Amino acid sequence: MKNLSWLFYKGYYQGFQHWNNFEKPNEHNKKQIANFFAEKNNGFLDANYNSFNKIKAVSDSSSSTFKLATQYPGLIMGTGYSHGIGAIGEFKIGFHLDYVTGLPVIPGSSVKGVIRSAFPIITINKKTDQLELSPESVDIETTKAKWILALIKSIDEADFLTKTIQPMKDDIDNQKLEFLNKLILEIFEGVKDVNKTDAERKYFSIYDRNVFFDALPIRCKANKLYGSDSITPHPDPLKNPVPLLFLKVLPKVTYEFNFRIVSSIVEQKLTKENLKKLFQKIILEYGIGAKTNVGYGQLEPA
């Protein structure tokens, strides 16, 4: 089987000559084009996961992992990548596939990004030189701050991962803001002491920081990873919409999320195990990837 990353971004249009041979394709030409891309698309839809079963996540005794499975309608990653020339039947939206393996991995940067997005944006007021929640979206950032504090408070509860946790009702005072700022810098930037200026004393060693690895699919229903779906934008209310076909990861695909986690020194409750639970809770609540607002990228414990 060909590497699916190569097929999607390099081999997808190899042998395609019809598009340049006519300006206004007739029905026969349209069928030729559709059949050409249907064969290419089947390379993904028919791909068997057993072809990848020798590929494993790299982990060691210091790794922290948890497993989450995709829910209906599935998962989309990499829609921002350019793909498509406007041909009939092609996948028109970008998709992220690992360059080496062709697997639909979730990049570690995306895992880190979605977890970071649950924390508030804290800035320094240039006039007062004091910490403040981002004034551009202060209501949203306040809710985030209160939710993270509520999560930390509840993190030792047995049903932490399954129950709904509401943001705390207390106001975010300067002390809480300073605490959250230190915690964010520690978790995501490896800052040991915000008051130091030289790098050696300000930052943890690279070996003592949290690391967010790529999440790999480890099993799936009926050995199938990929499916297709379409969106139907309506640019003109008086014309029929033209469906846009795209590639997706199917429901019931289990991903293993891998981290190297270090216990927090800012918050004693956030041990290595509790930080892993916090990361898992955020991913379960937020989802991951594109189009989460319409159900994609929602996960469940596996």
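The values are calculated or read from the model by the stated rules, or taken from the named source; none is laboratory data. As the structure is a prediction and not an experimental result, all values here were calculated from the model. Positions of Cβ are backbone-derived with ideal geometry, glycine not excepted, and every protein chain shown enters the neighbour counts.
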*Taking the stretch 150-162 only, how many residues are under 23 Å from the mean Cα position of the chain (by Cα) and in a helix (DSSP H, G or I)?*
2
*Looking at the stretch 217-266, which of the residues that are of a type in the set (Lys, Arg) and under 18 Å from Phe95 (Cβ atoms) is surrounded by the most Cβ atoms within 10 Å (Cβ to Cβ)?*
Lys248
*asked:* If the requirement is being exposed (fewer than 15 other Cβ atoms within 10 Å of the Cβ), at pLDDT 95 or above and charged (D, E, K, R), which of these qualifies: Glu186, Glu157, Glu200?
replied: Glu157
*Can you name the condition, by its number, that Val58 falls short on among (1) over 20 Å from Ser230 (Cα atoms); (2) of a type in the set (Val, Ile, Thr); (3) at pLDDT 95 or above?*
(3)
*Could you say whether any residue in the stretch 284-296 is assigned to a loop (DSSP other than H, G, I, E, B), touching a Lys or Arg at 6+ places or on another chain (Cβ under 9 Å) and over 28 Å from Tyr49 (Cβ atoms)?*
no
*What are the residue pairs meeting all of these: first residue in the stretch 266-295, first residue touching a residue at least 60 places away in the same chain (Cβ under 8 Å) and within 26 Å of Leu247 (Cβ to Cβ), second residue polar (S, T, N, Q) and in a helix (DSSP H, G or I), Cβ atoms under 8 Å, and 6 or more apart or on different chains?*
Tyr286/Ser117; Tyr286/Thr292; Ile288/Ser110; Gly289/Ser110
*Return a yes/no flag: does the stretch 76-87 have any residue that is in contact with a His (Cβ under 6 Å, 6 or more places away or on another chain), more than 16 Å from Asp171 (Cα to Cα) and not β-branched (Val, Ile, Thr).*
yes
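The rows are residues; the columns are (1) in a loop (DSSP other than H, G, I, E, B); (2) free of Cβ contacts under 8 Å to residues at least 60 places away in the same chain; (3) under 30 Å from Asn274 (Cα atoms); (4) out of contact with any helix residue (DSSP H, G or I) (no Cβ under 6 Å at 6 or more places or on another chain).
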| residue | (1), (2), (3), (4) |
| --- | --- |
| Ile218 | no, no, yes, yes |
| Ser228 | no, no, no, yes |
| Pro233 | yes, yes, no, yes |
| Pro237 | yes, yes, no, yes |
| Pro241 | yes, yes, no, yes |
| Leu245 | no, no, no, yes |
| Glu256 | no, no, yes, yes |
*Qualifying residues in the stretch 67-89 (those that are among the β-branched types (Val, Ile, Thr) and out of contact with any strand residue (DSSP E or B) (no Cβ under 6 Å at 6 or more places or on another chain)) - the one farthest from Lys40 (Cα to Cα)*: Thr79
